[in-house]
Amino acid sequence: MNNEDKARELLKANEEGGILGYRFSNVRILKRAFTRLAYAKELQDKTKKEYEHQEPLATLGDAILKAALTDFMFHTGLKTAQEITEAKSKQESDAALAKWANRLGLWQYIMLGGSEEAGGLEKTPSILATTFEALIGAMYLDTGCDLNRVKEIIVPWRTLLLENQP
């Protein structure tokens, strides 16, 4: 499936029930969460326009995810900073995030650059993890920067978190 088809499918999934049960009101930010830097650069080279990509959203999403995971770990009864930190670090590794992204089928919407696509990299742990973090960052912005709302969206994933507990 080419990137334009992926974008259409992403928007269709958003309309039909949302991504992870959340329907984005700002579809531009949703598309950005799934747009790799390599693809954005290719579009820029073709059109001479600037295109947004997922990397800044992934940085934001990483911070939001850390806060949500820390809160979750704290409320599951972990008592010490060391316990929380160790449990959280397992949850935020590329391998754990890639597992979440795979289970949620996010790979099918990732808009890759030509060399990434040729290499079949859409299921690479680092690409999946970055996309997952970008999606969290996009949700945070789309909710009006409402951390509590994002944590509510994450609640259904708690079983995935518990599976990876030490």
Neighbour-count ranking [beta-carbon atoms within 10 angstrom, fewest first] of Y51, Y140, Y22
Y51, Y22, Y140
Relative contact order of segment 3-163, pairs being alpha-carbon contacts under 8 Å that are 6 or more residues apart, as %:
32
With R₀ set to 35 angstrom, the calculated FRET efficiency between the beta-carbons of E92 and E4, to the nearest 0.05, is 0.60
With a length cut of 24 Å (Cα positions projected on each helix's long axis) and a Kyte-Doolittle mean of at least 0.0, go through the chain and give me the DSSP H helices that pass.
55-75, 125-142
At most 10 other Cβ atoms within 10 Å and a DSSP loop assignment: could you name the trypsin sites (Lys or Arg not before Pro) in segment 8-55 that fit?
K48, K49
Of 75-86, 117-128, ordering from highest average Cβ density within 10 Å down gives 117-128, 75-86
Counting Lys and Arg as +1 and Asp and Glu as -1, each charge on the Cβ, what is the dipole of segment 26-166 about the Cα centre in debye, to the nearest 20?
200
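Take every Cα-Cα pair in the chain and report what % of them are more than 30 Å apart. Intermediate results must be reported in sequence, preceding the final value.
Numbers: 2221 of 13695 pairs.
Across the chain, Cα pairs with separations above 30 Å total 16 percent.
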Which of A7, A129, G113 sits closest to the plus end of the dipole of the chain, meaning its Cα is farthest towards the positive end, when Lys and Arg get +1 and Asp and Glu get -1 on the C-beta?
A7
Of the listed pairs K41/K90; K6/K49; K49/K151; K31/K66, which have alpha-carbon separations greater than 27 Å here?
K41/K90; K49/K151
Approximate spin-label separation R23-E83, in nm, with each point projected 7 Å along Cα-to-Cβ
4.1
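Every read-out reported here was derived from the displayed coordinates using simple, explicitly stated rules and does not represent laboratory data. Since this is a predicted model, take the numbers as computed values, not measurements. Cβ coordinates were reconstructed from backbone atoms using ideal geometry, including for glycine residues, and neighbour counts include every protein chain displayed.
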